[in-house]
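Step one of this worksheet: look at the structure below.
The values are calculated or read from the model by the stated rules, or taken from the named source; none is laboratory data. The shown structure was predicted, so the numbers you read here are calculated from the model rather than taken from an experiment. Note that each Cβ is placed from the backbone with ideal geometry, even for glycine, and that neighbours are counted across all protein chains shown.
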């Protein structure tokens with residue numbers, strides 16, 4: 001079973017969002033997503049300053065099986081992309097909720113986080129896909 | 001099998017050794033004198049020095065390491081390599097074809113031009129399109145030509161806002177790439193649980209900016225798009241055009257025509273469906289067919305006939321053409337093989353390709369379902385291919401689609417396509433093609449049943465497969481990341 005940490009918010013398209021103490025939001029892909037993709041070989045993150053709409057493609061993750069878009073769970077402006085992933089995309093496989101984060105954004109509104117899935121709701125999405 | 005790996009030919013090299021009987025005639029020193037000194041290289045090229053026999057053995061052994069359609073069942077199907085009758089190649093290799101210079105005047109290439117004209121006519125007939133151009137040299141090239149024609153059509157009408165191409169999520173990855181290359185914006189729409197296009201989503205997606213829709217039918221999910229007429233009506237009603245991706249033409253050959261379904265433009269992978277080995281990155285041919293309104297925009301040159309004479313038609317006759325996409329007219333050898341293939345099959349034979357491709361797929365699908373495999377679309381009939389999902393086995397037995405694919409090699413079968421389409425988890429996409437016998441299909445089913453048994457009793461056996469190949473599991477990650485593959489001597493400073 002894949003891990004769904006209790007302190008994060010989720011999108012149906014298998015991204016997670018974490019509110020950082022400074023008000024920015026960290027975004028990555030879930031354990032389920034990294035398992036489904038398999039070993040990652042390339043990651044492309046957006047440049048700093050890019051304005052993201054909620055639901056828009058914001059990064060690309062490529063594994064030995066497939067290349068997939070990552071969708072921004074909330075609207076905001078990119079303040080940082082994870083530079084470590086260019087040389088070591090496997091960080092996403094090893095630690096998708098930690099060192100494998102993709103981008104940090106300044107959200108347009110923190111209320112948007114409340115509209116995302118709770119860990120329970122995301123776990124239910126995974127369970128229904130398994131059935 | 002069970003061969004050992006073959007060394008690189010450089011590792012057989014011994015200074016001074018060579019295949020002197022194969023040396024080109026003439027005086028090397030005199031030939032060198034004719035070259036200006038500035039153009040001569042200062043260091044000799046690093047070429048292997050081997051005898052003729054060493055070279056013959058090396059390449060023969062390499063060929064024996066291949067898992068090929070000439071030796072084994074290959075359920076990747078027309079997607080990669082269906083069986084191509086040897087006669088097609090034999091006739092395309094006639095010396096009169098091989099020795100013809102592409103710049104020879106029309107009057108001296110009437111035989112070749114006649115073949116190309118007839119190929120255009122036969123492709124029109126089998127697809128139901130108004131006109132055909134043989135120019136594009138690959139499937140993606142044909143797609144590019146198709147979308148470029150759609151854009152040219154709207155532009156010629158002064159309809160400049162139309163820059164959106166709709167692509168269903170079950171589409172080939174090349175479709176959104178093509179649309180983007182042509183300067184369009186891609187709008188993705190979902191498919192429903194049965195694998196058909198979601199008409200409600202399509203109705204919302206079309207509008208005054210719609211340039212067109214790109215569809216594969218049967219889709220990559222291995223099912224026929226049943227709502228195609230409603231899709232055509234919606235898109236045409238909004239002023240857009242329909243593009244048919246010919247990747248899965250094998251399934252409907254001689255049975256259903258894209259022109260009759262309402263498509264305005266289609267590309268055909270002559271190297272998949274019409275008898276050229278494909279999948280090795282070799283030359284291809286992505287002929288395009290169009291409805292009447294797109295005919296003026298076809299890439300040039302095309303072959304025309306006046307009385308009994310054939311000639312090239314180019315920009316002078318087709319001023320609205322999107323232009324030339326290849327030197328001369330595409331890959332002549334691939335086009336000739338397609339011509340011979342279609343002439344050998346004829347009308348009736350062409351329908352039998354579609355019938356047997358579909359019958360073989362449905363036979364395999366039903367038997368594998370009875371044997372306990374889960375179908376991705378259990379309520380649907382297969383087209384020329386179908387999908388099984390090992391999601392349940394992955395969860396319950398920790399056996400993945402890749403494990404089954406690797407184990408099949410030990411049983412003497414090439415693996416089917418794995419992990420595509422992306423919509424279906426842990427999937428195998430199986431395409432037997434029309435040329436396989438009942439006995440071969442039954443042997444494949446037996447192997448799949450045996451592997452399913454192993455999955456239940458000895459999953460570790462699958463995890464370690466293959467055992468009988470020259471190599472075991474390959475390092476996919478390293479293959480994707482390490483792109484520099486040039487051979488270098490072990491002790492070289494270079």
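Just checking, which of A:61, A:43, A:51 is more than 14 Å from chain B (Cβ to nearest Cβ) and either touching a strand residue (DSSP E or B) at 6+ places or on another chain (Cβ under 8 Å) or surrounded by 17 or more Cβ atoms within 10 Å (Cβ to Cβ) (or both)?
Testing whether each residue is more than 14 Å from chain B (Cβ to nearest Cβ) and either touching a strand residue (DSSP E or B) at 6+ places or on another chain (Cβ under 8 Å) or surrounded by 17 or more Cβ atoms within 10 Å (Cβ to Cβ) (or both) leaves just A:51.
What are the pairs with Cβ atoms under 8 angstrom where one residue, in the stretch A:102-131, is within 14 Å of chain B (Cβ to nearest Cβ) and the other, located anywhere, is in a helix (DSSP H, G or I)? Sequence gap at least six, or different chains.
A:126/A:32; A:130/B:391; A:130/B:395
Rundown of residues vs (1) over 28 Å from residue B:70 (Cα atoms); (2) more than 14 Å from chain A (Cβ to nearest Cβ); (3) touching a helix residue (DSSP H, G or I) at 6+ places or on another chain (Cβ under 6 Å); (4) in contact (Cβ under 8 Å) with a residue 60 or more places away in the chain, yes/no style:
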position	(1), (2), (3), (4)
B:420	no, no, no, yes
B:431	no, yes, yes, yes
B:446	no, yes, no, no
B:470	no, yes, yes, yes
B:476	no, no, no, no
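Among the residues of the stretch B:328-342, is there at least one that is crowded, with 18+ Cβ neighbours inside 10 Å and free of Cβ contacts under 8 Å to residues at least 60 places away in the same chain?
Within the stretch B:328-342, none of the residues are crowded, with 18+ Cβ neighbours inside 10 Å and free of Cβ contacts under 8 Å to residues at least 60 places away in the same chain.
Checking the structure you have, find out if any residue of the stretch B:143-152 is farther than 30 Å from residue B:309 by Cβ and modelled with pLDDT under 95.
No, that holds for no residue.
Suppose we filter A:31, A:22 for residues that are more than 14 Å from chain B (Cβ to nearest Cβ) and in contact (Cβ under 8 Å) with a residue 60 or more places away in the chain; which single one remains?
Only one candidate passes the filter, namely A:31.
I'm told residue B:379 meets every condition in (1) part of a strand (DSSP E or B); (2) out of contact with any helix residue (DSSP H, G or I) (no Cβ under 7 Å at 6 or more places or on another chain) except one. Can you identify the failing condition by its number?
Result: residue B:379 passes all but (1).
Among the residues in the stretch B:168-181, are any surrounded by fewer than 23 Cβ atoms within 10 Å (Cβ to Cβ), farther than 23 Å from residue B:278 by Cβ and assigned by TED's automatic domain parsing to the domain that holds residue B:278?
yes
Name the residues in the stretch B:417-430 that are in a loop (DSSP other than H, G, I, E, B) and at pLDDT 95 or above, would you?
Hits for the stretch B:417-430: nothing passes.
Could you count how many residues in the stretch A:81-94 are loosely packed, with under 14 Cβ neighbours inside 10 Å and away from chain B (no Cβ under 14 Å)?
2
In this structure, does residue B:81 turn out to be modelled with pLDDT under 95, in contact with a strand residue (DSSP E or B) (Cβ under 7 Å, 6 or more places away or on another chain) and either assigned to a loop (DSSP other than H, G, I, E, B) or surrounded by fewer than 12 Cβ atoms within 10 Å (Cβ to Cβ) (or both)?
no
For the structure I just gave you, tell me whether residue B:278 is touching a helix residue (DSSP H, G or I) at 6+ places or on another chain (Cβ under 6 Å), part of a loop (DSSP other than H, G, I, E, B) and not assigned by TED's automatic domain parsing to the domain that holds residue B:107.
Against the criterion (touching a helix residue (DSSP H, G or I) at 6+ places or on another chain (Cβ under 6 Å), part of a loop (DSSP other than H, G, I, E, B) and not assigned by TED's automatic domain parsing to the domain that holds residue B:107), residue B:278 does not qualify.
Go over the candidates B:80, B:43, B:71, B:60 one by one and state the one that is over 28 Å from residue B:135 (Cβ atoms), within 24 Å of the chain's Cα centre (by Cα) and either without any contact (Cβ under 8 Å) to a residue 12 or more places away in the chain or not assigned by TED's automatic domain parsing to the domain that holds residue B:270 (or both).
The unique qualifying residue is B:71.
For residue B:88, which of the numbered conditions (1) surrounded by fewer than 17 Cβ atoms within 10 Å (Cβ to Cβ); (2) closer than 30 Å to residue B:268 by Cβ; (3) touching a helix residue (DSSP H, G or I) at 6+ places or on another chain (Cβ under 7 Å) fails to hold?
It fails just one condition, (1).
Please work out which one of (1) buried (at least 19 other Cβ atoms within 10 Å of the Cβ); (2) within 12 Å of chain B (Cβ to nearest Cβ); (3) within 17 Å of residue A:86 (Cβ to Cβ) is the condition residue A:67 fails and give its number.
Against the list (1) buried (at least 19 other Cβ atoms within 10 Å of the Cβ); (2) within 12 Å of chain B (Cβ to nearest Cβ); (3) within 17 Å of residue A:86 (Cβ to Cβ), residue A:67 comes up short only on (1).
Just a yes or no: is a residue in the stretch B:143-165 in a strand (DSSP E or B) and at negative phi?
yes
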